[in-house]
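Beneath this line is the structure, given in structure tokens, with notes to follow.
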Amino acid sequence: MIRHLAAALIAVSASTAFARKPAPPPPPPLEGTVSEVIDGATLVLQTADGKAVTVRLAGIEPPEPCQAWVSESRDALQDFVHDQPVSVKGAARDAKGRFSGTVLADGSDINRRMVEEGHAFSARSKWDRGPYMKEERVAHSLARGMYTTGKVETPTDFRREHGPCAPQAAR
């Protein structure tokens, strides 16, 4: 009997040791007003407490600074969000210390809008075409934004072919 109790206790303690812990709740949205647009995927947010926070739109990649359509990409983001109240859903710090997430302005997903209007690409990785590939294909097939200019290279292909652009000031 004691043996059975000991075995049962060992089994229970082993199963609880390997039990999955619930995932932590997602961070609350970061909120504020856009005070500056740096490029087609980076902006500065003024929070209610007066802090300036740099935010990168997750899942998208605008043209490189020395590529065609870079100023149009920046101008489009500026038109969509400058001086507008926004919230950043899923805001987490990226490798460069900036916040990265989905920017929502007036209920609209700005990350998605930048891609579907042809001002940015769906961010790719080695094995993934990115979260906005469908929107990118639609923009391309309807000749929206940068696709009106003819041949368009993704920033990754551009860097592979031409190397990086001149160094930019770190932000």
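Table for the structure above
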| read-out | value |
| --- | --- |
| Ranked Val34, Val53, criterion: other C-beta atoms within 10 Å, fewest first | Val53, Val34 |
| At most 11 other Cβ within 10 Å, DSSP loop - chymotrypsin sites (Phe, Trp or Tyr not before Pro), segment 100-171 | Trp127 |
| Additional length obtainable on full extension of the chain from Arg124 to Arg159, 0.36 nm per residue less Cα span | 11.2 nm |
| P(r) histogram, all alpha-carbon pairs of segment 30-159 included - 10 Å bins from 0, percent | 14, 47, 31, 8, 0 |
| Using θ = phi - 60° and Karplus 6.51 cos²θ - 1.76 cosθ + 1.60, couplings along segment 153-164 (whole Hz; Gly, Pro as x) | 10, 5, x, 5, 5, 4, 5, 5, 7, 10, x, x |
| Residues Ala48 and Ala92, FRET efficiency given R0 of 25 Å [Cβ-Cβ distance, rounded to 0.05] | 0.80 |
| Cα-based reach from Lys21 at 24 Å (exclusive), listing lysines while leaving out same-chain residues under 8 positions away | Lys89 |
| Partner lysines for Lys151 [C-alpha distance under 30 Å; skip if fewer than 8 residues away on the same chain] | Lys126, Lys134 |
| Calculated FRET efficiency for the pair Arg144/Gln84, C-beta based, R₀ 30 Å, to 0.05 | 0.85 |
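None of the figures in this text is laboratory data; all of them are computed from the coordinates on show. In this text, all values refer to a predicted model and were calculated from it rather than measured experimentally. Here Cβ is always computed from backbone atoms with ideal geometry, including for glycine, and neighbour counts include all displayed protein chains.
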